[in-house]
1. Nearest 500 deg cm²/dmol is fine: what mean residue ellipticity at 222 nm does the chain get from its DSSP H runs of n ≥ 4 alone, each adding -39,500 (n - 2.57), divided by its residue count?
2. Mind listing the long-range amide H neighbours of L116? Cut-off is under 5 Å, sequence gap 5 or more, other chains count too, H placed in the peptide plane at 1.01 Å from N.
3. Once you keep just the Cα pairs under 8 angstrom separated by 6 or more residues, what percentage relative contact order results for the chain?
4. State the answer as a single residue: which of T143, L114, F157 lies farthest towards the positive end of the charge dipole of segment 82-173, with beta carbon charges of +1 for Lys and Arg and -1 for Asp and Glu, about the Cα centre.
5. Take the eigenvalues of the Cα gyration tensor for the chain, scale each by 5, and report the square roots as semi-axes in whole Å, largest first.
6. Let me check against my output: what whole-number percent is the relative contact order of segment 110-161, with C-alpha pairs under 8 Å and at least 6 apart?
7. Segment 15-122: which chymotrypsin sites (Phe, Trp or Tyr not before Pro) are DSSP loop and have at most 13 other beta-carbon atoms within 10 angstrom?
8. Treating the angle as unsigned and between 0 and 90°, give the value, to the nearest 10°, between the Cα long axis of helix 122-132 and the longest Cα principal axis of the chain.
Amino acid sequence: MILSFPDLDAVIGDIRDRLDPSASWGIGAHVSLIYPFARARRITPELLETVRRVASATQPFDVRFDHTGWFGEETVWLRPAPQPALDDVVARCLAAFPQYPPYGGEFDEFVPHLTLATGNSAQEAKDAEREVLPELPISTMATGLTVVAGAPEPGGFDVVGEYPFTAREDSLR
């Protein structure tokens, strides 16, 4: 399950096309909320209804990517500025799907991020960072949850469903 930011492909798509394998899998600019998520055969109407409920209880919100971050020396990513709405949707997604811990539970802490480059040389990652820094900050809007399923191979992922954030401010009080 991801937050998709298709408008950012105009800004960072070239970098991701070269240096982030998920771009070749068919996944545009995004922040993963739960990856891996359910395999295609386990995506049921009930699971999708839960995603819809989480999305319908969420308002669209601004996201501002203002810094880069690193995982090791070969993965550079964009860091969203602290945002209570992002923290809230992450927490609600994780609570709704405890059977799918982010990254299979491999890491102690969940770090929301938009990957620019991974699985390449440290120099290529540094070059990607150098290329994106003049573009920062990059602002966009989170408008819904996207469920994708497939295999980590070129063209291997498809969008299963898109669930817009539809809550109104007065309905959240």
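Values quoted throughout were computed directly from the atomic coordinates according to the rules given, and no laboratory measurement underlies them. Everything numeric in this text was worked out from a predicted model, so none of it was measured. Cβ atoms come from the backbone with ideal geometry, glycine included; neighbour counts cover every protein chain shown.
1. Details: 5 runs with 51 residues, N = 173.
The helix-only estimate for the chain comes to -8500 deg cm²/dmol at 222 nm.
2. Answer set, sorted by chain and number: V76, W77, L78.
3. Values: 320 pairs, mean separation 63.5, N = 173.
37 percent.
4. So the residue we want is T143.
5. On the way: eigenvalues 134, 74, 41 Å².
Taking √(5λ) for each eigenvalue gives 26, 19, 14 Å, largest first.
6. Numbers: 24 pairs, mean separation 10.2, N = 52.
Relative contact order of segment 110-161: 20 percent.
7. Details: sites: W25, F37, F61, F65, W70, F71, W77, Y103, F107, F110; in loops: W25, F37, F107, F110.
Loop-located and lightly packed - F107.
8. Approximately 70 degrees, to the nearest 10.
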